[in-house]
Amino acid sequence: MHRIGRKIIGLVLGALFLTALPWARARAANPSMLDNYNFEQPQLMQAHPFAVAHVVIQVDQGDPGRWHLVLNNVDNMLEFMGQDKIQIVVVAYGPGLKMLLADSPEAKRIQSLNVAGVEFDACHNTMLGMAKKLGHMPVLVPEAVIVPGGVIRIIQLEQHGFTYLKP
């Protein structure tokens, strides 16, 4: 009886582990500021010690044409200023969060711009709303950084010297 009880417990724990594993992977796939967000001290994922300009760009529309325009603006700023002279954070929330989904038509551009030093922030509040409709958390591009709220992140960065842009 004792041996059977251990086997059952082992099977139950194994099943719990396997069902939790995909969720853990999805959460671990993206950097997150959820546990250590401090409004007074903005955390940035990429250091830009020589930046002379700091820009936060709002993306709140689900229009792929608008996303393309935003990323063109980012490309233009990087080309004009140089990667080391400008720090850019793109914050997506509401319908604009779709730009940061893994199957977004802009996923490859986001990846290359992230390599160039651009940070892409995803609103956790929007993610929770999407999860209610989808039945699971949305899958983001790996470069997306999860922040508690998109609007709060924009306000935070503006209060710390970032110039606001909404193309």
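No value in this document is a laboratory result; all are computed from the given coordinates. From a predicted model like this one, the values you see are computed outputs, not experimental measurements. Positions of Cβ are backbone-derived with ideal geometry, glycine not excepted, and every protein chain shown enters the neighbour counts.
See the values below:
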quantity: Listed residues V118, M77, S32: farthest to the positive end of the dipole of the stretch 31-165 (Cβ charges); calculated: S32
quantity: Added length on full extension, which subtracts the Cα-Cα distance from 0.36 nm per residue, D63 to D103; calculated: 13.0 nm
quantity: Counted charge near G150, where neighbours are those whose Cβ lies closer than 9 Å (Asp, Glu -1; Lys, Arg +1); calculated: -1
quantity: Cα-centred dipole magnitude for the stretch 31-165, charges only on beta-carbon of K, R (+1) and D, E (-1), debye, nearest 20; calculated: 300 debye
quantity: Amide H contacts under 5 Å for Y37, placed H, 5+ residues apart; calculated: none
quantity: Label-zone membership for the stretch 125-167, site N73, 7 angstrom Cα→C-beta point, backbone N under 12 Å; calculated: 163-167
